[in-house]
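Have a look at the structure below, then the notes.
Since every read-out is calculated from the coordinates, none of them should be taken as a lab result. Here the structure is a predicted model, which means the values were calculated and not measured. Here Cβ is always computed from backbone atoms with ideal geometry, including for glycine, and neighbour counts include all displayed protein chains.
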């Protein structure tokens, strides 16, 4: 009986709603369509206006920042081994999440898990929020959730925008710990090699004592010195692709020989924790 009464009330409310729309509402064409057209024109006009501001404030000094940035920056160098890419501004929140979830085991949680869960909750909102009340002050849970989402997204975007490219410095800071655990603290050449190793892109694909990321099947190098000697690494590093067929590894053929020797000494001294 209760369900039948509720169904009748819902049908009655729907009937009154349709009558109100018919008597007092406005058709989609041309009213709503006109509003959408005007809003689309405003958005495009703002984008075009910002493009003009960007161009005309930077065109006299192309490499110096105008109001909205420089006209162009340095030319791309496909052979660089030290460039750290940054995303577009609308991915800054995800960029900073990667800094929070920086351990390999938790990267999926930060990049896929959390955004996917939030997106599913947003898509499902009409299905689990069945309240007829629409005044914000009478919907404290929805209001608090919306405010928290806006604050968190804004904070993550801001933190991602101002974040310094400190990945290399963070890796370099690990060198004393590596030297202590691996036992090459007294080997100056290996220490210099460890710092060079940490400052290049090696840890983008390799892992070393928990640091770095495992990509393209690159092995962990924490104990690589058990199976190879320094002479092997000195030959392998600059000739990985041409002589050993490793086309995935970054090309270090132009790396100075003294730096290659230092990295080779570091890898040869990496025999696992003492």
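At-a-glance table
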| item | result |
| --- | --- |
| Helix 33-58 vs. the chain, principal-axis angle (Cα, 0 to 90°, nearest 10) | 30 degrees |
| Relative exposure of 170, 9, judged by other C-beta atoms within 10 Å (fewest first) | 9, 170 |
| Percentage relative contact order, the chain, counting C-alpha pairs under 8 Å, at least six apart | 14 percent |
| Folded to 0 to 90 degrees: helix 2-24 orientation relative to the chain principal axis, Cα | 80 degrees |
| Residues 220, 129, sorted so that the one with the fewest Cβ neighbours within 10 Å comes first | 129, 220 |
| Principal-axis tilt of helix 140-162 within the chain, Cα atoms, nearest 10 degrees | 30 degrees |
| Principal semi-axes in Å for the stretch 88-226 [√(5λ), Cα gyration tensor, largest first] | 44, 16, 11 |
| The stretch 161-269: relative contact order as a whole-number percent, Cα under 8 Å and 6+ apart | 30 percent |
| Scaled radius of gyration (Cα, divided by 2.2 N^0.38 Å) that the stretch 112-180 gives | 1.83 |
| Helix-only [θ]222 nm of the chain, DSSP H runs n ≥ 4, -39500 (n - 2.57) each, per residue, nearest 500 | -16500 deg cm²/dmol |
| Given (1) 22.8, 76; (2) 27.4, 92; (3) 29.1, 88, the label whose value is Rg and Dmax of the Cα atoms in Å derived from this model | (3) |
| Using alpha carbons only: equivalent-ellipsoid semi-axes of the stretch 169-268, gyration tensor based, whole Å | 20, 16, 12 |
